[in-house]
1. If we count every other residue with Cβ under 12 angstrom of Gly171's Cβ, Lys/Arg +1 and Asp/Glu -1, where does the sum land?
2. Taking the Cβ of each residue in His139, His15 as the centre, tally the other Cβ atoms inside 10 Å and list the residues starting with the fewest.
3. Using the Karplus equation 6.51 cos²θ - 1.76 cosθ + 1.60 (θ = phi - 60°), what ³J(HN,Hα) coupling, rounded to whole Hz, does each residue of the range 173-182 give in order, writing x for Gly and Pro?
4. Using the structure shown, select from Lys59/Lys192; Lys19/Lys59; Lys33/Lys69; Lys19/Lys41 the pairs with a Cα to Cα distance greater than 22 angstrom.
5. Of all the C-alpha pairs in the chain, what % are more than 21 Å from each other?
6. Where the centre of each part is set by its Cα atoms, how far does the range 145-163 sit from the range 194-210, in angstrom?
7. Going by average Cβ neighbours within 10 Å, how do the peptides 56-62, 18-24 rank, with the highest at the top?
8. Which whole-number percentage describes the relative contact order of the range 1-146, with Cα contacts under 8 Å and a sequence gap of 6 or more?
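Each value in this text was obtained by applying a stated rule to the coordinates, not by laboratory testing. Computed from a predicted structure; not experimentally measured. A quick note on method: Cβ atoms are made from the backbone with ideal geometry, for glycine too, and the neighbour counts reach across all protein chains shown.
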Amino acid sequence: MPHRRLTGPLVIATHNPGKLAEMRELLAPYGIKAQSAGELKLAEPEESGTTFAENARIKAVAAMKATGKIAFADDSGLVVDALDGEPGIHSARWAGPDKDFRFAMNRIQTLLIERGATSPAQRRAHFVAALCVAWPDGHLEEFEGRVDGAAVWPPRGDAGFGYDPLFLPDGHERTFGQMSALEKHGLPPHGKGLSHRARAFIMLADACLR
């Protein structure tokens, strides 16, 4: 099936301010205006999928059906090898109802210590971002990006959001929490498209925006 060109306005299916800011920055160069599910006071659907892609689809389709507009959703998280892939699709859930990611990062560290994972090689991790765009006629476009690295301790930096201060991407000396927005998810030619979300978005842009 051929890819479909994406035009605005659209709904970004998120209630997460940090994620919304990143997604708006990614869309801005293409002149696409967007409102968020949070701004529209849409209910958050139950994320009952077993993969990032399934959960992104659930969120995009729910926002599309609630508004009748094209909806754009992301599901992303941190996968830690030594924790058998956790927190993975439960990344937000680990932070609890108060979205306390400091608590979640402490939990990861405690579990890694319990498992004797102290060296960088034992603390391998990667971020995944699955993107889904849902049109009112049922057409879907789906993309997935990944960035590899390690879970460091203590967390470093107060930029970004979520698990960013814990994650050191391969080939870099600073965590996502220490990087500017441009460094982390800026797109070529200004940035390197480093983050998982940026890598997925580059695929989406190549298919649906250029």
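1. Charge balance in the 12 Å sphere: -1.
2. Values: His139 12, His15 17.
Lowest count first: His139, His15.
3. Coupling constants for the range 173-182: 10, 10, 6, 4, x, 9, 9, 5, 4, 5 Hz.
4. Lys59/Lys192
5. When every Cα pair of the chain is considered, 51 percent fall beyond 21 Å.
6. 20
7. Highest to lowest by the protection proxy: 56-62, 18-24.
8. Details: 238 pairs, mean separation 35.4, N = 146.
Rounded, it is 24 percent for the range 1-146.
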